[in-house]
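Contents: one structure, followed by commentary.
The values are calculated or read from the model by the stated rules, or taken from the named source; none is laboratory data. This structure is a prediction, so every number in the text was calculated from the model and none was measured. Please note: Cβ atoms are built from the backbone with ideal geometry, for glycine as well, and neighbour counts cover all protein chains shown.
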Amino acid sequence: MKKDPDLESALSRNRRWIVNNQIKNIILRCPNQVAPLKHLQKKFKSLDLQGKALNWLKKYPCCFEVYLENDEYHCILTKQMMHLVEEEESVKDMQEPIFVQKMAKLLMMSMNQRLNVTKLNELKHSFGFPDDYIIRILPKHPEMFRLVNNGWRKSSVEIELLACNPDLAVSAVEASAQKQGTEPYFSCSLPSTWTKSLQRFEEFNAIPYVSPYLNPRGLEEGTKEMEKRIVGIVHELLSLTLWKKLSIVKLSHFKKEFALPEKLNVLLLKHPGIFYVSNKYQIYNVLLREAYDDGSGLVDKDPLVIVKNKFGELMQEGLHEYNQRRRLVNLEKKKKGMNLMKSERRKDGSAENSDQDDNGDNLGGLFDRKNGNDFIRSFLMKNIHNFEMILTSMSFAFRIQLVMSKAWRKLLLPG
């Protein structure tokens, strides 16, 4: 499958947010909502983070406040962050009926109307469920849900649906078809140049739609109808999430409950018009194409998404502030380094001048061209008379030598 830059961006956009949201939840669970840094450092491995917790927290000064007390660092949430926490809690209270509907829909799609709590906890944030969803939702609706533990172990606890509501057994595809007054069908979000993929999609879409709320026991494995049902159930699961995306690995944990195939990613890759599959960060994720516009933004935003986006904006604001401070510190370091180099050069220059002065004392400054010329000129002016006498005597001697040589010639060469 060709990579879509916009959808790749949508998949990676919330990664830092997810980590910081988990840190926020850890701090809120601490006594007085104050987390010792040592405690956060221990939790870093479970958050897939490396390095020092202090360095990470300092990157987001608008979200986390770190202070030193009794020689130990502690972390609390900033006032801005606490305001968002309160707003998020308010939205969750208002959305409680939606959480009940989502839980019922998930249980209705499962094979025996039961889901393992441990597995469901892996996806609770994807569906928007609060951390305390079991305590918050189940006791208020004993006619719909109950907890079952047949194995007497914590990991074997399951949520069971006691009563099915037929009004909830309507998928997102069916609801859209009812609005348009058409038969239910999948929509395709592929460019017209993908001719082969579009042709395969049309052939697949011609098969009658199979509701994900239909019991699949009557469908044969490997048939087109079973494939239609699997595509339908993944589409419906993605429609129930906040960001219309899920980890395929976590989704595969529900193979038994939702009758999913062993190689789920291979099946999803066969339908690029409906799903976008990415292995960014070496983790397979699936995203619902129709839920995103051309600019990698969600078409319909859940109220919880709007609040969480505010958290993301606050996080980015803090990160920008941190980067600005780092930039200023680096510029200051560069300036200090340049000033230090200049001072070193001045020192070297003054040392060279000192050496030249010392040489001048010893050698009379003769190695300086200007000083040497002045010295020669002065010496000649003072000793000009002596030079004239020397030259005169040299001239007289030359004339005597010339007379003598002529006399010797006459003696040696007769005639």
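Among the candidates Ile233, Ile274, single out the residue that is in contact with a His (Cβ under 8 Å, 6 or more places away or on another chain) and not polar (S, T, N, Q).
Values: Ile233 fails: in contact with a His (Cβ under 8 Å, 6 or more places away or on another chain).
So the residue among Ile233, Ile274 that is in contact with a His (Cβ under 8 Å, 6 or more places away or on another chain) and not polar (S, T, N, Q) is Ile274.
Whether any residue in region 95-110 is among the basic types (Lys, Arg), touching a residue at least 12 places away in the same chain (Cβ under 8 Å) and assigned by the TED database to the domain that holds Lys140 is what I want to check.
Yes, region 95-110 has at least one match.
Could you tell me which of the residues Val157, Val210 is under 17 Å from Met111 (Cα atoms) and either in contact with a strand residue (DSSP E or B) (Cβ under 9 Å, 6 or more places away or on another chain) or in the same structural domain as Asn112 (by the TED database) (or both)?
Among Val157, Val210, only Val157 is under 17 Å from Met111 (Cα atoms) and either in contact with a strand residue (DSSP E or B) (Cβ under 9 Å, 6 or more places away or on another chain) or in the same structural domain as Asn112 (by the TED database) (or both).
Residues that are within 36 Å of the chain's Cα centre (by Cα) and either touching a residue at least 12 places away in the same chain (Cβ under 8 Å) or within 15 Å of Leu267 (Cα to Cα) (or both): does region 207-216 have at least one? Reasoning before the result, please.
As a first pass, look at region 207-216 and keep what is within 36 Å of the chain's Cα centre (by Cα): 212.
Then keep just the ones that are either touching a residue at least 12 places away in the same chain (Cβ under 8 Å) or within 15 Å of Leu267 (Cα to Cα) (or both); that gives 212.
Checked against the condition, which is being within 36 Å of the chain's Cα centre (by Cα) and either touching a residue at least 12 places away in the same chain (Cβ under 8 Å) or within 15 Å of Leu267 (Cα to Cα) (or both), region 207-216 yields at least one hit.
Exactly one of these conditions fails for Gly151: (1) out of contact with any Ser or Thr (no Cβ under 6 Å at 6 or more places or on another chain); (2) touching a residue at least 60 places away in the same chain (Cβ under 8 Å); (3) of a type outside the set (S, T, N, Q). Give me its number.
(2)
Quick one: is Val234 assigned to a helix (DSSP H, G or I) and either among the aromatic types (Phe, Trp, Tyr) or surrounded by fewer than 18 Cβ atoms within 10 Å (Cβ to Cβ) (or both)? So that I can check it myself, show each step before the final result.
On the way: assigned to a helix (DSSP H, G or I): yes; either among the aromatic types (Phe, Trp, Tyr) or surrounded by fewer than 18 Cβ atoms within 10 Å (Cβ to Cβ) (or both): no.
Against the criterion (assigned to a helix (DSSP H, G or I) and either among the aromatic types (Phe, Trp, Tyr) or surrounded by fewer than 18 Cβ atoms within 10 Å (Cβ to Cβ) (or both)), Val234 does not qualify.
Restricting to region 171-203, count the residues that are in a loop (DSSP other than H, G, I, E, B) and without any contact (Cβ under 8 Å) to a residue 12 or more places away in the chain.
Result for region 171-203: 5.
Report whether or not Ser239 is surrounded by 15 or more Cβ atoms within 10 Å (Cβ to Cβ), modelled with pLDDT under 90 and hydroxyl-bearing (Ser, Thr, Tyr).
No, not satisfied.
Test of understanding: among Lys105, Lys179, which residue is buried (at least 16 other Cβ atoms within 10 Å of the Cβ), basic (Lys, Arg) and either under 29 Å from Val305 (Cβ atoms) or in contact with a Gly (Cβ under 8 Å, 6 or more places away or on another chain) (or both)? Show your work before the answer.
Details: Lys179 fails: buried (at least 16 other Cβ atoms within 10 Å of the Cβ).
From the options Lys105, Lys179, the qualifying one is Lys105.
Report, ordered by the first and then the second residue, all pairs with beta carbons closer than 7 Å, sequence separation of six or more or different chains, a first member in region 44-63 that is surrounded by 15 or more Cβ atoms within 10 Å (Cβ to Cβ), and a second member that is charged (D, E, K, R) and at pLDDT 80 or above.
Cys62/Glu317
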